[in-house]
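For reference, the structure discussed in these notes is given below.
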Amino acid sequence: MFDKTLSHIAYRINRASFIKPSVITFDVTDRCSLRCRTCSKWSSQTVRKELDASAWKEIICSLKRWLGNYRVCISGGEIFLREDIFDIISFARKQNIYVTAVSSGYHITSATADRIRASELNGISITLNGVTPSTHDFTRGVEGSHARALSAISLLNKAEKNMFVCIITVLMRYNQHEVIDLIKFTRENHLDGIGFQALHDTTSFSPFDSNHHFHEENTWYVNNPLWPQDIHGMLSTIDGIIEYKKKGYRIGNSFKSLQWMKRYFQNPKEMLKTKCMVGINNFSIDPYGETRLCFSMDSVGNILRRKPEQLWNGRKAIQQRKDIKDCKNTCRILMCNFNDK
């Protein structure tokens, strides 16, 4: 209760010097072998060199000096395109950092699975958008990605596993009819859970101009082919998720977030009735060291040039918290953004 009160005070005054972020993300690469229709990272071209393992180790230690023991989610792109990812994970674990990861599973072979277990990763979420190859492969943009995801899940979920293994599913038009089967798949294969993410903007949309004026309202969903045409059917699907959660199935979303998903799919602007707390909760570092409070907004500085606490409390961060309060984007439905308090 005390932490919640401090968070809301920080939100109100746009300053967070008396609290620290709770959602830490390392986006270690923008590279990816898939061509997902729900993501635009794979289409971006950059000539910047990604941080090497030594730089990530420096970041891990600088965050620990500030935060103490913390939790971090490592994502991309596809993290297992980095040969040194196991070194990064192992180093973080030795610093007593709780490390989870997100992967498509596309590059997880038997040897890779052994190295993942050896790294002492605490948990991994594999993205799976359907129980059928046609649905998953269509949404992921690469034929055979479903078979590889299932193989990765099987390899990682062996009896001797030393981490949790979950799946993540994006709710959209093309898979709403397979959602309940995915929930059943989770239990039948003794997985540790499933989490659902509502479809959101698939482009890198910057909501403000250089003078901190909000751009024209982003109505990306109006003509998006992935947006459900049968809204009633999507609402029934989410009701089904709620019912299975009540039955004890391991569904990572809270009841509150699932109810908000129903409102979101009926009218995305409903999300604007909730507070976006990313400026108070989130601290995300991209493959080049640029640090953000919000994925869609500009960097507040490079963590290799300034201490993390200086970035968190700096002028750019203060301004960005003001911008976040004025933002009219609906990405606050995202699992990492949703205010569940």
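The values are calculated or read from the model by the stated rules, or taken from the named source; none is laboratory data. Just so we're clear, the structure is a prediction, and the values are computed from it rather than from any experiment. Methodologically, a virtual Cβ is constructed for each residue, glycine included, from the backbone with ideal geometry; neighbour enumeration extends over all protein chains shown. Accessible surface areas use protein heavy atoms only, side chains included; no ligands, DNA or RNA. Shrake-Rupley method; radii C 1.70, N 1.55, O 1.52, S 1.80 Å.
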Legend entry - Computed magnitude of the charge dipole of the chain (debye, nearest 20; Cβ of K, R +1, Cβ of D, E -1): 1180 debye
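In whole percent, and with a 1.4 Å probe on the protein chains, what portion of the accessible area of the chain is carbon and sulfur? Write out the running numbers ahead of the final one.
Values: 7770 of 15720 Å².
Accessible surface attributable to carbon and sulfur in the chain totals 49 percent.
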Legend entry - Theoretical ellipticity at 222 nm over the chain - DSSP helices of four or more residues, -39500 (n - 2.57) apiece, nearest 500: -11000 deg cm²/dmol
Legend entry - Cα convex hull of the chain - mean projected area over all directions, nm²: 16.7 nm²
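Of the listed peptides 127-133, 305-311, what is their order by residue-averaged count of other C-beta atoms within 10 Å, with the highest listed first?
On the way: 127-133: 21.6, 305-311: 16.1.
Highest to lowest by the protection proxy: 127-133, 305-311.
May I ask you to give the solvent-accessible area per residue for the stretch 53-112, in square angstrom, as obtained with a 1.4 angstrom probe? All intermediate terms of the calculation are to be shown ahead of the outcome.
On the way: 2320 Å² over 60 residues.
Counting only protein heavy atoms, the per-residue value for the stretch 53-112 is 39 Å².
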Legend entry - Computed P(r) (all Cα pairs; the stretch 35-148; 10 Å bins; percent): 13, 39, 32, 14, 2
